[in-house]
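Readers should treat all values here as calculations from the given coordinates under stated rules, not as data from a laboratory. Because the structure is predicted, anything quoted here is derived from the model rather than measured. FYI the Cβ positions are ideal-geometry reconstructions off the backbone, even for glycines, and counts take in every protein chain you see.
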Amino acid sequence: MRRSLVAAACAVALLSPVPVSIALAGSAAAEIGDFSVVGMSQEQAETALSEADIPYVILNRAGNKLKNCRVTEQRDRGYKVEDEWEWDSGNSEWTKTETEVWRGVALVVFCD
């Protein structure tokens, strides 16, 4: 029974038109919407992401670096919390402000 449930979940994930990394990303996926660079060359992907003002990193690169490089996967990197502290001299205490900042996408690149 357990194996059949796992197999069914895997089948749904593989047959879904939405990549698993996007489907599981939650609200961070709303930042990029349907924007995908999977299948583009690395240079095209970097240009497209820069023009769209989407932060990105190359998470993994495999194969020969000097040849044809293609993006094979795009992952949402989620959010980080940035703390900002301000001194309140009237109360003689620090005030902390937390801001969530979207970290962008991570790309997996394969060069052949």
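What order do you get for THR47, THR95 when you list them from fewest to most C-beta neighbours inside 10 Å?
THR95, THR47
If each residue's Cβ is checked for other Cβ atoms within 10 Å, how do VAL105, VAL57, VAL71 rank with the fewest at the top?
Ranked by crowding around the Cβ, least crowded first: VAL57, VAL71, VAL105.
Select from the range 29-112 those GluC sites (Glu not before Pro) which occupy a DSSP coil region and have at most 12 other Cβ atoms within 10 Å, ordered by residue number.
none
Among VAL81, VAL37, which comes first, second and so on when ranked by fewest other beta-carbon atoms within 10 Å?
VAL81, VAL37
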